[in-house]
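Let me begin by presenting the structure, written as structure tokens, before commenting on it.
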Amino acid sequence: MQFLGFVFSCLTKLAGNVQLLLKLFFFMFFTYVLESKIDGRLYKGLTQNLDQRIIEHNSGKNKSTKAFRPWKLVYFEAFETRLEARIREKYFKTGSGRKFLVNKLKT
């Protein structure tokens, strides 16, 4: 539901731009970072439906995240293509990407 709040705030700013709104809702890929409320670990992933993916993580449908539920969304970026999102996800999983996220999440 955090994502829906973000979308609603964007809608008020973009109300006149139908083409951009369609692109935002139907053709975006998201690289996201979840934080475990249990131990603070971060999980990085990508999806086309951010709200649904968070629900899946919190309902235990993902083996990698099941034991560390509940999760909260702490960061995401939107991309036009799956390839761009995948490249960014891979970056987040590197040493420099982890440092970037630590610094980004501090602010």
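Pairs meeting the criteria (first residue in the range 46-63 and within 20 Å of residue 87 (Cα to Cα), second residue assigned to a helix (DSSP H, G or I) and not hydroxyl-bearing (Ser, Thr, Tyr), beta carbons under 7 Å, at least 6 apart or on different chains) are 46/85; 46/86; 46/89; 47/53; 50/3.
If you scan the range 44-73, which residues turn out to be among the aliphatic types (A, V, I, L, M) and surrounded by 15 or more Cβ atoms within 10 Å (Cβ to Cβ)? I'd like the intermediate steps shown before the answer.
First, the residues of the range 44-73 that are among the aliphatic types (A, V, I, L, M): 46, 50, 54-55, 67, 73.
Across the range 44-73, the qualifying residues are 46, 50, 54, 73.
Would you check if residue 77 is part of a strand (DSSP E or B) and at pLDDT 95 or above? So residue 77 fits the description; yes. Of the conditions (1) within 24 Å of residue 104 (Cβ to Cβ); (2) modelled with pLDDT under 95; (3) surrounded by 11 or more Cβ atoms within 10 Å (Cβ to Cβ); (4) not hydrophobic (A, V, I, L, M, F, W, C), residue 23 satisfies every one except a single condition; which number is it? It is condition (1) that residue 23 fails. Quick one: count up the residues across the range 85-104 that are over 12 Å from residue 43 (Cα atoms) and either of a type in the set (A, V, I, L, M) or not in a helix (DSSP H, G or I) (or both). Final tally of qualifying residues: 4.
The values are calculated or read from the model by the stated rules, or taken from the named source; none is laboratory data. Keep in mind the model is a prediction, meaning the values are calculated, not measured. Heads up, the Cβs are rebuilt from the backbone with ideal geometry, glycines too, and the neighbour counts pull from every protein chain shown.
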